[in-house]
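The values are calculated or read from the model by the stated rules, or taken from the named source; none is laboratory data. Since this is a predicted model, take the numbers as computed values, not measurements. Because the Cβ atoms are built from the backbone with ideal geometry, glycine has one as well, and the counts that use them run over all protein chains shown.
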Amino acid sequence: MSISEKIKELHTTLPNHVTLVAVSKTKPISDLQEAYDAGQRVFGENKIQEMAEKWAQLPKDISWHMIGHVQRNKVKYMAEFVDLIHGVDSFKLLKEINKQAKKYNRIIRCLLQIKIAEEDSKFGMDASDAAYLLASAEFTQLENIQIVGVMGMATFTDNTAQVQNEFKHLKATFDDLHTKNPSLEIISMGMSGDYNLAIEEGSTMVRIGSSIFGARNYTSSN
């Protein structure tokens, strides 16, 4: 199937309450344009510079999501346009996002990344750290960011039961945080290989790349 056919199929089969983030990292503008022409409006990137270059060239009604690990010194390059930052894993990063958003008189939406996987390479905060952050006085002073939910990445494994348990943990964390923070609404979990399972466990946002665009095109410039 073509990119446009895959987009249309996903739009048809995904539940109405689930947002599709088309993960377009390493993909050329032409691929994103084909997905856009098929009706896709939410795209996810994991390199800020690459996302900024694509933002400059593509239609301005696209919602750009930063889904990768964010270095604080790079936030300034996306503060003008990014719609949602998935991987917020520290208060220091939140402060920098708030600082840069203020320069553009914007409120940038963010997700707290919760560590649910066993791999040391996966970033994220503990559920208790997230609860403490949201209840802190320092957090209430950040007027140019809005925490709208949580994000998590499951362990890269064929063990479906393990992945399912990790998704259950993220959903439970969201439910606990939501009791004191009813403005939280997004649970971003699930990728090409496990998004159906993630939806069963409560995901409201899935990040799908290879199932739409094929394998990633890694080169020395990426």
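Identify all residues within the stretch 191-208 that are of a type in the set (Gly, Ala, Ser) and modelled with pLDDT of 95 or more; write none if there are none.
Those that are of a type in the set (Gly, Ala, Ser) and modelled with pLDDT of 95 or more: 198, 202, 203.
Counting only residues that are polar (S, T, N, Q), part of a helix (DSSP H, G or I) and in contact (Cβ under 8 Å) with a residue 12 or more places away in the chain, which one in the stretch 1-52 is nearest to residue 208 (Cα to Cα)?
4
May I ask you to verify whether residue 143 is acidic (Asp, Glu), over 19 Å from the mean Cα position of the chain (by Cα), exposed (fewer than 14 other Cβ atoms within 10 Å of the Cβ) and at pLDDT 95 or above?
Yes.
Within the stretch 165-185, work out how many residues are over 19 Å from the mean Cα position of the chain (by Cα) and either loosely packed, with under 14 Cβ neighbours inside 10 Å or farther than 12 Å from residue 150 by Cβ (or both).
4
Conditions first: (1) out of contact with any helix residue (DSSP H, G or I) (no Cβ under 7 Å at 6 or more places or on another chain); (2) crowded, with 19+ Cβ neighbours inside 10 Å; (3) of a type outside the set (Asp, Glu); (4) within 21 Å of residue 45 (Cα to Cα). Residue 156 passes all but one, so which condition is the exception?
(2)
Please work out if residue 107 is at pLDDT 95 or above and in contact with a Cys (Cβ under 6 Å, 6 or more places away or on another chain).
no
Among the residues of the stretch 108-136, which ones are closer than 18 Å to residue 184 by Cα and loosely packed, with under 14 Cβ neighbours inside 10 Å?
Once the filter is applied, which keeps residues that are closer than 18 Å to residue 184 by Cα and loosely packed, with under 14 Cβ neighbours inside 10 Å, the stretch 108-136 yields 126, 128, 132, 135, 136.
Could you please find all residues in the stretch 11-34 being among the hydrophobic types (A, V, I, L, M, F, W, C) and within 18 Å of the chain's Cα centre (by Cα)?
Here is the first cut: in the stretch 11-34, the ones among the hydrophobic types (A, V, I, L, M, F, W, C) are 14, 18, 20-23, 29, 32.
Selection gives 14, 18, 20, 21, 22, 23, 32.
Please report, ordered by residue number, the helices (runs of 4 or more DSSP H) entirely within the stretch 107-222 with at least 1 residues that are under 26 Å from residue 76 (Cα atoms) and in contact (Cβ under 8 Å) with a residue 24 or more places away in the chain.
Answer list for the stretch 107-222: 127-135, 137-140.
Take the residues in the stretch 56-99 that are among the acidic types (Asp, Glu) and part of a loop (DSSP other than H, G, I, E, B), then tell me which one is nearest to the chain's Cα centre (by Cα).
83
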